[in-house]
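The values are calculated or read from the model by the stated rules, or taken from the named source; none is laboratory data. Keep in mind that what you see is a predicted model, and the values were worked out from it rather than measured. As a convention, Cβ positions derive from the backbone with ideal geometry for all residues, glycine included, and neighbour counts pool all protein chains shown. Areas reflect the complete protein model, heavy atoms only, side chains present, ligands, DNA and RNA absent. Shrake-Rupley method; radii C 1.70, N 1.55, O 1.52, S 1.80 Å.
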Amino acid sequence: MLSVNQLTIDLIKSGHRLVNNLSFTLNEGDKIAIIGHEGTGKSTLIKLLSSHTDISHAEYFGTIMKQGTSGYLDQDTKSLWRDTLTRDFFILDNPQGHPNTNRYESLKRLPKALSKMDFPMERFDDDKRIGEYSGGEVIKLALAKLLIEEHDMLFLDEPSNDLDFETVFFLERFIKNSSTPIVYISHDERLLENTANAIIHLQRIKKRTDAISHFERLSYSEYRHHRLSEYQSKLMQAKKERNDYKKKMDKFRQIYQKVEHLQNETVRNPSAARLLKKKIKHLKSMEGRFEKEKAQFTEIPEAEETIDIRFDSVDFPKGKVLLDLKLPKLIRNDMILSKKVNLMLKGPVKIAIVGRNGIGKTTLLEMIHRTLKADASMRVGLMPQDYMEGNDKRDVLTFFGASTDRKKEADVRKILGALAFEREEMLKRVEDLSGGQKAKLHLLRMIMDRCNVLLLDEPTRNLSPLSLPKVREMLDAYDGAIIAITHDRIFIEEVFDSIYLLDEKGLHPLDALR
């Protein structure tokens, strides 16, 4: 169905390698998850494998053999199709293309697909533009589009982004039980644990100038255990070889120095001098063998770079009222989404808001943002769902106002380095960064602004599962207040004090997630 042999992908501009000598086959029933830190080339790889989109920024070598049709879900679906009408979304191959008449037959399967996605039909409108739907609703529409086309294989880039819990649970069941082979990228560790039966791991090593690419037919949990065990085993072996070598070389040098000393003292004894000369020759031969042994040492494995930042302590009086919000109605675009939305928070609490797609969670967070910004004692940081809508032509340093301030530039570069940005990436335009890298920029800006309140709209949606443990640790240790919209189950379990459900009747505290 899909066979990849010795695939290598290089960035054209920098020459940096993203994928190195990757080989694998995609068979019926395979659920292959691509993992790796932000900027390691996951989206580039899945785009190339799907053949659904251009990767003009990179070149590849090796062979990709594919039989059958493939469906592709782009993680930027909403921004790409923003101005497209709903009716056109389902019959176009791309936003600028012409209607594909072959799709008309598949439209009869659309109601069933939307029902599977738990998409409320009252929200579906042929004349509505894709950008008018919520982020989760767009993902549901895109998944429904793939379902009605009945492809032979699917390539999904962050399919769980912005989905509510019911749809995430559906997505898990769909991926796990599908006979259609699926290659996908996801930040959702629980989804990876519950669905993947093989892993492609993309790594950048040697200060991110080189690449290692792994393929293993293991579950995500098995792979993590396997990689950790393999790393620790290689590290112990490499250290033991070097320690044993040092001991042998110390003993060798003692003997060599002793023989040299005796040789210097026996210049008048030809017979003893000849014996010592032979001994010296033998020792030099031993030294040569030691050097060959050293050249065959197990290479010390390089640990992947992880983000290494945290918030400084911020001032937030524990008894201070953070928010006292009373909304008779929550309205968006003249539509009543919810009634009697009341939220009273005191002190530096951390709360997560959940609810189905389209219920108004982002609208509520925007209202909370406007309310808190009016309080001069609050330093509010906002991470919006779309990070940075539109095309931001600024490079990263200019984004932080550091391009003309040398001291600030040095500070920003230092922190970006701790976020695993390489030097060239600091000069990239913001629009050219991966979603996870854009999320990191928001985290950095909040740290630099010393925010004492964080408003986060699906903050983990594009971060690598390899980065997420550090992000959770950082936000758990943060001593300010956090109000977040999230459907990341592990994130909720490890960081938040309380969970609130937003539905048509209002905002309600939850004891736990199902």
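Numbers below:
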quantity: Semi-axes of the equivalent ellipsoid for the range 347-434, Cα gyration tensor, largest first, Å; calculated: 30, 18, 13
quantity: Per-selection Kirkwood Rh - the range 401-514 (Cα, Å, 1 d.p.); calculated: 15.9 Å
quantity: Whole-percent carbon and sulfur share, accessible surface of the range 407-514, 1.4 Å; calculated: 48 percent
quantity: Cross-link table Lys428/Lys470; Lys140/Lys438; Lys31/Lys145; Lys140/Lys326, entries beyond 27 Å C-alpha to C-alpha; calculated: Lys140/Lys326
quantity: The range 104-169: relative contact order in percent, alpha carbon pairs under 8 Å with at least 6 residues between; calculated: 42 percent
quantity: Electrostatic dipole magnitude of the chain [Cβ: Lys, Arg +1; Asp, Glu -1; Cα centre; debye, to 20]; calculated: 2780 debye
quantity: Coil-residue GluC sites (Glu not before Pro) of the range 1-96, DSSP, other Cβ within 10 Å capped at 16; calculated: Glu28
quantity: Taking N as its residue count, the alpha carbon Rg of the chain over 2.2 N^0.38 Å; calculated: 1.22
quantity: Between the range 400-425 and the range 187-226, the Cα center-to-center distance that results, in Å; calculated: 29 Å
quantity: Over the chain: helical MRE at 222 nm, DSSP H runs n ≥ 4 each giving -39500 (n - 2.57), nearest 500; calculated: -12000 deg cm²/dmol
quantity: Dipole of the chain, positive direction: furthest Cα of Asn102, Phe290, Leu156, with charges on the beta-carbon; calculated: Phe290
quantity: At most 14 other Cβ within 10 Å, DSSP loop - trypsin sites (Lys or Arg not before Pro), the range 1-90; calculated: Lys13
quantity: Relative contact order (%) - the chain, alpha-carbon pairs under 8 angstrom, separation at least six; calculated: 17 percent
quantity: Pairwise label distance in nanometres, Arg242 with Lys294, each label 7 Å out on the Cα-Cβ vector; calculated: 1.3 nm
quantity: Solvent-accessible heavy-atom area per residue, rounded to whole Å², over the chain at 1.4 Å; calculated: 49 Å²
quantity: DSSP bridge pairs, the chain: antiparallel proportion in percent, nearest 5; calculated: 55 percent
quantity: For the range 315-391 versus the range 47-107, the gap between their alpha-carbon centres in whole angstrom; calculated: 35 Å
quantity: Total charge dipole magnitude, the range 390-514, about the Cα centre, Cβ charges on Lys, Arg, Asp, Glu only, Debye to nearest 20; calculated: 580 debye
quantity: Gain on full stretching of the segment that runs from Lys284 to Asp324 - 0.36 nm per residue minus C-alpha separation; calculated: 6.2 nm
